[in-house]
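These notes are about the structure you will find just below.
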Amino acid sequence: MDHKKKRSITRGIILTVLILAIAYTVFTTAMKDEVEILKIGAEAPDFALVDLNGNTHRLSDYEGQGVFLNFWGTWCEPCEKEMPAMNRQYASFKDQGVQVLAVNFAQSDFEVQKYVANMGLNFPVAIDKTKSVFTAYNINPLPTTILINPEGKVEKIITGEMSEAQISSFMESIKPE
């Protein structure tokens with residue numbers, strides 16, 4: 001095979017790989033937009049996560065109760081600041097039909113268990129190891145809290161740190177009648 005023919009074949013292969021790479025990038029970018037943005041009033045996506053005690057929590061199991069769904073990470077300073085207030089308010093509201101479920105962003109069991117023990121948290125904490133719940137709820141940034149009413153609809157989406165007064169008010173707003 002002569003030199004020109006080899007060069008022509010090599011260029012053809014490189015061009016084909018380049019076209020495939022561009023097509024893949026365009027396709028994945030287009031599909032990323034398929035993740036529906038969660039809206040107030042929408043049905044909250046159901047999920048199942050296992051907490052640190054081995055109990056499975058399905059959102060659908062909480063029908064008829066308000067759910068204070070908090071997404072967080074151990075490295076997140078605003079998350080750390082609001083956790084004690086969430087814990088205190090959970091103690092006040094859990095017998096009134098408001099549940100707290102804290103969902104950690106794919107950290108190790110060891111990191112999360114140590115954090116929860118140090119903070120003395122009493123509400124269920126689950127780790128979203130596959131990030132599927134984070135994706136379903138389109139979570140960004142941390143902390144983000146989704147208030148879900150007793151009918152299973154998204155009542156409010158809060159991004160950023162909350163004060164204890166806000167947490168109390170939000171829990172009151174999703175309390176069953």
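Taking the Cα centre of the chain as the origin and placing charges on Cβ (Lys, Arg +1; Asp, Glu -1), which of Thr16, Met162, Pro141 is farthest toward the positive end of the dipole?
Of the candidates, Thr16 comes out farthest on the positive side.
Can you sort Leu20, Leu49 by how many other beta carbons sit within 10 Å, fewest first?
Sorted ascending by nearby Cβ count, the order is Leu20, Leu49.
Have a look at Leu52, Leu15, Leu38 and tell me which one the Gaussian network model of the chain (Cα, springs below 10 Å) gives the largest fluctuation.
Of Leu52, Leu15, Leu38, the Gaussian network model singles out Leu15 as fluctuating most.
Once amide H atoms are placed 1.01 Å from N in the peptide plane, what residues at a sequence separation of 5 or more from Lys153, or on another chain, have their amide H within under 5 Å of its amide H?
Ala44
Where does each of Phe71, Phe93, Phe47 land when they are ranked from fewest to most other beta-carbon atoms within 10 angstrom?
The most exposed by this proxy come first: Phe47, Phe93, Phe71.
With 10 angstrom as the radius, rank Val50, Val112, Val67, Val17 by how many other C-beta atoms surround their C-beta, starting from the fewest. Don't skip to the end; give the middle numbers.
On the way: Val50 13, Val112 21, Val67 24, Val17 10.
Ranked by crowding around the Cβ, least crowded first: Val17, Val50, Val112, Val67.
Any idea what the dipole of segment 48-173 comes to, in debye rounded to 20, about its Cα centre with Lys/Arg Cβ at +1 and Asp/Glu Cβ at -1?
Numbers: 9 positive and 15 negative charges, 32 e Å.
The dipole of segment 48-173 has a size of about 160 debye.
Give the angle, between 0 and 90 degrees and rounded to the nearest 10, that separates the Cα long axis of helix 3-32 from the longest principal axis of the Cα atoms of the chain.
Here the helix axis deviates by roughly 20 degrees.
For segment 143-154, just list the computed ³J(HN,Hα) in residue order, Karplus coefficients 6.51, -1.76 and 1.60, θ = phi - 60°, integers in Hz, with x standing in for Gly and Pro.
x, 10, 10, 10, 8, 10, 6, x, 8, x, 9, 6
Would you kindly calculate the translational diffusion coefficient of segment 48-173, applying Stokes-Einstein with the Kirkwood radius from alpha carbon pairs, for 20 °C and a viscosity of 1.002 mPa s, and quote it in µm² s⁻¹ without decimals?
On the way: Rh = 14.3 Å.
D, rounded to a whole number, is 149 µm²/s.
Within the set Lys39/Lys156; Lys81/Lys153; Lys39/Lys94; Lys39/Lys175, which residue pairs have Cα atoms separated by over 18 Å? Don't skip to the end; give the middle numbers.
Details: Lys39/Lys156 9 Å; Lys81/Lys153 27 Å; Lys39/Lys94 26 Å; Lys39/Lys175 20 Å.
Over 18 Å Cα-Cα: Lys81/Lys153; Lys39/Lys94; Lys39/Lys175.
Determine Rg/Rh for segment 5-115; Rg is computed over alpha-carbon atoms and Rh is the Kirkwood hydrodynamic estimate from the same atoms.
1.25
With axes computed from alpha carbons, what is the tilt in degrees of helix 109-119 against the longest principal axis of the chain, rounded to the nearest 10 within 0 to 90?
Its long axis makes an angle of about 30 degrees.
If one computes the Cα centroid of segment 62-90 and of segment 108-177, what distance in Å separates the two points?
Centre-to-centre (Cα) distance: 4 Å.
Under the rule of at least 5 residues apart or a separate chain, name every residue whose amide H is placed under 5 Å from the amide H of His57.
Leu49, Val50, Asp51
To the nearest 10 degrees, how steeply does helix 77-93 sit against the main Cα axis of the chain, on a 0 to 90 scale?
Roughly 40 degrees between the two axes.
Apply the Karplus curve 6.51 cos²θ - 1.76 cosθ + 1.60, θ = phi - 60°, to the phi angles in segment 169-177 and return the couplings in whole Hz, x for Gly and Pro.
Taking θ as phi minus 60°, the curve returns 5, 5, 5, 4, 5, 10, 5, x, 5 Hz for segment 169-177.
No lab work stands behind these numbers, since they all come straight from the coordinates. Keep in mind that what you see is a predicted model, and the values were worked out from it rather than measured. So basically every Cβ, Gly included, is an ideal-geometry build from the backbone, and we count neighbours across all protein chains shown.
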